Amino acid sequence: MTQVLPHPLLEQLRQICGTANVLTHEDPATDLSPWEQDWRKRVSGRALAVVRPGDTAQVAAVVKACAAHQTPIVPQGGNTGLVVGGIPDNSGQQIVLSMTRMNAVRAIDPANLTLTVEAGCVLQNLQTAAEQAGFLFPLSLGAEGSCTIGGNLGTNAGGTQVLRYGNARELCLGLEVVTAQGEVWHGLSGLRKDNTGYDLRHLMIGSEGTLGIITAATMKLYPQPAAQLTAWAAVPSMEAAVELLGLAHQRLGPGLTGFEVMGQFALSLVDKHFPHLRVPIWQDTPWCVLLENSDSESEQHARGQFEALLETAMAQGWVSDAVVAENLTQAKGLWHIRESITLAQVQEGQNIKHDISIPVSQIANFVKETDALLEREVPGVRLVDFGHLGDGNLHYNVQAPEGSDGKDFVRAFEDKINTLVFDQVKRFNGSISAEHGVGAQKVNKLPHYKDPTAMAMMRAVKQALDPHNIMNPGRVLA
Ligand code: FAD
Ligand code: 2HG
Ligand code: ZN
């Protein structure tokens, strides 16, 4: 009989976090797939262990132990990322550092308009904590019921309120981070002004776990609006949607907190797979737009502003039909339709995602040209265009031709289609990752599309902060 020798690192990790918080394949009854498989169920890895620290000191001790054994660490929050950034590779040698046990709201400072929270706090719980204290925490995205603030900061998440409040980066005033050497950087200052050298916070945000582990963050709070109104409008073209956006900025000013665009095919998928959601006015229009007006005065004021805006837009021919939600339940229903596009795409079969940004002024040209290019090069492809038009961020997704197998299609065409789309993005001075990040998915594409000097500076930063490449290797930088 062969005896399984105790793994020295695993023994150490068990001492640091407790046996129950170090999950391995040694126990056949333990299913590690929730941590090893990506949200889209396209990629799976194999972890040496899933480690679940309970506090910052444990994170630091785990990193020190892993560094001593040269064992790579993959930080993970809610595992809702869409670019294969938070799961281990196939080597069986990486540990997943799951942050979900560290989920406490540490402090709320009403006078400073800040909230300090641990990295594993689910975004929705953070929003609720802010609301219960009488404030708004505006970061909002479809995965908010399971993604964590650590993952949001790791990816610099965007979502639906960016045009008014900015992305995760703009909402963060301070960080607590465990470095690749296992040291703790105490940076939870909550200061709005601090010019004491390089801004390390901004280096960590969006670094996708490749420079350090975010253990806590101090986030900005905002006053709650007096009223929030949502409208759904049919628009005859992308040009018209852009005109409507300009008018909405002009008329609503900072009240404009959401401006989403949805192509007809994207909405047809929601209608097909979730008919109970009752998608409004989509059959006779190529595009619909979802607008949100957050008013500091009253609902009556907001409604008046919205009605005047839509009237002008209709007179200009930029809107052909529109509905304004009558109450919060209706508004939530409209937003739910928008947030269901991703899931409707999953139901339709495997697809190719492009999370891109283009200057708003160029989006209509980009879509027209790129649609035509793809239809010519890959006949029959179905384009699922939607996204945060207010930020110039399109989810320019590509579904297999009707009746063909999604998996076969992705295998055969993903690389070709990515190159066609990304070359177009470059031509239009855009970015190949607007909000989801680079992860492992775009790591090989990045050097072709990012400025070489910027790539060299990124490599120098990585080398300086993580010289042994133990922090999420193979992500962001190859
Ligand atoms: P994970 O998936 O666990 O990790 C993501 C990355 O962050 C990985 O590289 C990981 O290593 C790193 N990371 C995680 N925690 C930490 C930490 N504590 N310290 C350092 N690095 C860490 N994204 C948007 O931007 N906008 C959207 O509108 C949006 N909508 C979505 C809708 C759906 C239905 C889904 C499934 C996803 C959506 N996403 C969106 C993508 C995803 O939700 C975000 O990227 C989110 O920020 C990831 O958070 P997470 O906790 O799940 O992170
Ligand atoms: C959204 O805006 C998300 O709904 C997901 O960023 C986008 O499914 C996608 O491609
Ligand atoms: Zn998005």
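The values are calculated or read from the model by the stated rules, or taken from the named source; none is laboratory data. Not measured: the values here are computed from a predicted model. Here Cβ is always computed from backbone atoms with ideal geometry, including for glycine, and neighbour counts include all displayed protein chains. Keep in mind that these areas ignore ligands, DNA and RNA; they rest on the heavy atoms of the full protein, side chains included. Shrake-Rupley method; radii C 1.70, N 1.55, O 1.52, S 1.80 Å.
Close amide H contacts of Gly187 (hydrogens built in the peptide plane, cut-off under 5 Å, sequence separation of 5 or more or a different chain): Leu175, Glu176, Val177.
On the protein heavy atoms, probe 1.4 angstrom, tell me the percent of accessible surface of the chain carried by carbon and sulfur. It would help to have the intermediate numbers written out before the result.
Values: 10590 of 20760 Å².
It is 51 percent, rounded to a whole number.
Hey, got a sec? Which GluC sites (Glu not before Pro) in segment 377-478 land in a DSSP loop and have at most 14 other Cβ atoms within 10 Å?
On the way: sites: Glu377, Glu402, Glu414, Glu435; in loops: Glu402, Glu435.
Within segment 377-478, the qualifying GluC sites (Glu not before Pro) (loop, at most 14 other Cβ atoms within 10 Å) are Glu402.
State in Å² the accessible area per residue of segment 298-356; use a 1.4 Å probe, count heavy atoms of protein chains only, and round to the nearest integer. Each step should come with its number before you reach the end.
Numbers: 2850 Å² over 59 residues.
The answer is 48 Å² per residue.
Can you classify segment 26-107 as rounded, prolate or oblate using the Cα gyration tensor, where a ≥ b ≥ c are the square roots of its eigenvalues, rounded means a/c under 1.5, and otherwise it's prolate if a/b beats b/c and oblate if not? It is oblate, given that a/c is not under 1.5 and a/b is not larger than b/c.
So if I place +1 on the C-beta of Lys and Arg and -1 on the C-beta of Asp and Glu, and nothing else carries charge, what would the dipole magnitude of segment 105-223 be about its Cα centre? I want it in debye, nearest 20. The partial results should precede the final answer.
Values: 7 positive and 10 negative charges, 54 e Å.
Computed about the Cα centre, the dipole is about 260 debye.
Comparing Ser294, Ile281, Gln316 along the charge dipole axis of segment 227-342, the residue lying farthest to the positive side is Ile281, per the Cβ-charge model. About its Cα centre, the dipole of segment 227-342 is roughly 280 debye, where the only charges are +1 on Lys and Arg Cβ and -1 on Asp and Glu Cβ. Residue separation of Arg46 and Asn327 scaled by 0.36 nm, minus their Cα-Cα distance, works out to 96.4 nm of gained length. Only Lys, Arg, Asp and Glu carry charge here, each on its Cβ (+1 for the first two, -1 for the last two); on that basis the chain has a dipole of about 1040 debye about its Cα centre.
Spacing of the modelled spin labels on Leu200 and His7, each 7 Å from Cα toward Cβ, amounts to 3.1 nm. Judged by the gyration tensor of its Cα atoms, with axes a ≥ b ≥ c, segment 227-342 is oblate; a/c meets the 1.5 cut and b/c is at least as large as a/b.
Taking the C-alpha atoms only, the angle from helix 299-316 to the longest principal axis of the chain is near 60 degrees. Solvent exposure of segment 105-223 amounts to 39 Å² per residue of accessible area, where only protein heavy atoms count and the probe is 1.4 Å.
Between segment 57-78 and segment 349-395, what is the C-alpha centre distance in whole Å? After rounding, the separation between the Cα centres reads 39 Å.
May I ask you to compute the full-extension gain from Asp109 to Gln264, defined as 0.36 nm times their residue separation minus their alpha-carbon distance, rounded to one decimal in nm? Mind dumping the intermediate values first?
On the way: separation 155, 0.36 × 155 = 55.80 nm, distance 4.46 nm.
Answer, rounded to one decimal: 51.3 nm.
Of the trypsin sites (Lys or Arg not before Pro) in segment 179-258, which ones lie in a loop per DSSP and count no more than 12 other C-beta atoms within 10 Å? Intermediate results must be reported in sequence, preceding the final value.
Working: sites: Arg192, Lys193, Arg201, Lys220, Arg251; in loops: Arg192, Lys193.
Those that pass, being in a loop and sparsely packed, are Arg192, Lys193.
Ranking of Asp27, Asp355 by solvent-accessible surface, largest first: Asp27, Asp355 (1.4 Å probe, protein heavy atoms only, all chains present).
Quick check for you: with a 1.4 Å probe and neighbouring chains kept, what is the accessible area per residue of segment 367-478, in Å²? Write down the numbers at each step before the final one.
Numbers: 5190 Å² over 112 residues.
Each residue of segment 367-478 exposes 46 Å² on average to a 1.4 Å probe.
With 31 Å as the limit, the listed pairs Lys41/Lys462; Lys41/Lys193; Lys41/Lys416; Lys41/Lys272; Lys193/Lys442 have Lys41/Lys193; Lys193/Lys442 beyond it between alpha carbons. Whole-Hz Karplus values for segment 279-295 come out as 5, x, 4, 10, 5, 9, 9, x, 9, 10, 10, 10, 10, 10, 10, 9, 10 Hz, taken residue by residue from phi with 6.51 cos²θ - 1.76 cosθ + 1.60 and θ = phi - 60°; glycine and proline positions read x. Report summary: the helix-based calculation at 222 nm, which adds -39500 (n - 2.57) for every DSSP H run with n ≥ 4 and divides by the residues of the chain, gives -10500 deg cm²/dmol. Applied to segment 109-114, the Karplus parametrisation 6.51 cos²θ - 1.76 cosθ + 1.60 on θ = phi - 60° returns per-residue 3J(HN,Hα) values of 10, x, 5, 8, 6, 9 Hz, with x for Gly and Pro.
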